[in-house]
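The values are calculated or read from the model by the stated rules, or taken from the named source; none is laboratory data. Source: prediction; values computed, not measured. We place every Cβ from the backbone using ideal geometry, glycine too, and count neighbours over all the protein chains shown.
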Amino acid sequence: MVKRHQGFTLVELLIVIVIISIVMSVSFVGFQTIYKNYSTESKLSGILQNLLFLFIDARRTAIIEDDVVCIKYVNREFSYFIDNDLDGTPDSNVISSFKTDENIKVYLNDEEKSSFLIYTYDSLFFKNNSGVFENSYSNTEIKISLDSRIKTLKIENSLPKVME
């Protein structure tokens, strides 16, 4: 009678283990890349949504209160407040604000900025030029960049909207 071997040899088991480990390492790198991309997109989308709501709320406040409202970006923080004297500081309290990550870059009309002021009054967005309003910010773009990805908030005819 001939004896039959049941099961796999040690060499066959080692080959299967090596193949499984190679497939898992390639999959892990792929999942890591996907996770990083989704994480970056999520951060940018969150910041852009906050920025959109900040602009909409600032514009609404300027209309309802009949005051000049300043939207300020400085030290990685966006904020808005009533600023009737046009000095770039709150006349009373900051109404709303949010901070961004230190790796975020902000561009105003394709120029990287560490700070800027945009004023809104009577539903329009303005640039303050030594106490004189210029309507150059009624049509402008604010870009938020992280890890070579960019999201854009476009102000067109003084209406802010997210560009995809």
Which pairs have Cβ atoms under 8 Å, sit 6 or more apart or on different chains, and link a residue in the stretch 57-72 that is within 10 Å of residue 118 (Cα to Cα) to one that is part of a loop (DSSP other than H, G, I, E, B) and hydrophobic (A, V, I, L, M, F, W, C)?
-> 70/86
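Within the stretch 53-80, track down each residue that is hydroxyl-bearing (Ser, Thr, Tyr) and either assigned to a strand (DSSP E or B) or in contact with a Gly (Cβ under 8 Å, 6 or more places away or on another chain) (or both).
Pass one, the stretch 53-80, residues hydroxyl-bearing (Ser, Thr, Tyr): 61, 73, 79-80.
Result: 73, 79, 80.
Quick grid of which residues meet (1) surrounded by 11 or more Cβ atoms within 10 Å (Cβ to Cβ); (2) touching a residue at least 12 places away in the same chain (Cβ under 8 Å); (3) over 13 Å from residue 76 (Cα atoms); (4) in contact with a strand residue (DSSP E or B) (Cβ under 6 Å, 6 or more places away or on another chain):
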| site | (1), (2), (3), (4) |
| --- | --- |
| 99 | yes, yes, no, yes |
| 102 | no, yes, no, no |
| 106 | yes, yes, no, yes |
| 110 | no, yes, yes, no |
| 121 | yes, yes, yes, no |
| 128 | yes, yes, yes, yes |
| 133 | yes, yes, yes, yes |
| 143 | yes, yes, yes, yes |
| 147 | yes, yes, yes, no |
Any residue in the stretch 20-43 that's modelled with pLDDT of 85 or more: show its pairings with residues that are of a type outside the set (Lys, Arg) at Cβ separation under 7 Å, as long as the two are six or more apart or on different chains.
-> 40/146; 40/147; 43/101; 43/146
Residue ranges of strands (runs of 3 or more DSSP E) in the stretch 81-120 with at least 1 members of a type outside the set (S, T, N, Q) and out of contact with any Lys or Arg (no Cβ under 9 Å at 6 or more places or on another chain) | 94-99, 111-113
Scan 50, 93 and give me the residue that is more than 15 Å from residue 116 (Cβ to Cβ), surrounded by 14 or more Cβ atoms within 10 Å (Cβ to Cβ), touching a residue at least 12 places away in the same chain (Cβ under 8 Å) and among the polar types (S, T, N, Q).
-> 50
Out of all the residues in the stretch 76-84, is one or more crowded, with 16+ Cβ neighbours inside 10 Å, of a type in the set (Asp, Glu) and without any contact (Cβ under 8 Å) to a residue 60 or more places away in the chain?
-> yes
Do we find that residue 151 is under 16 Å from the mean Cα position of the chain (by Cα), surrounded by 11 or more Cβ atoms within 10 Å (Cβ to Cβ), under 18 Å from residue 78 (Cβ atoms) and not acidic (Asp, Glu) in this structure?
-> yes
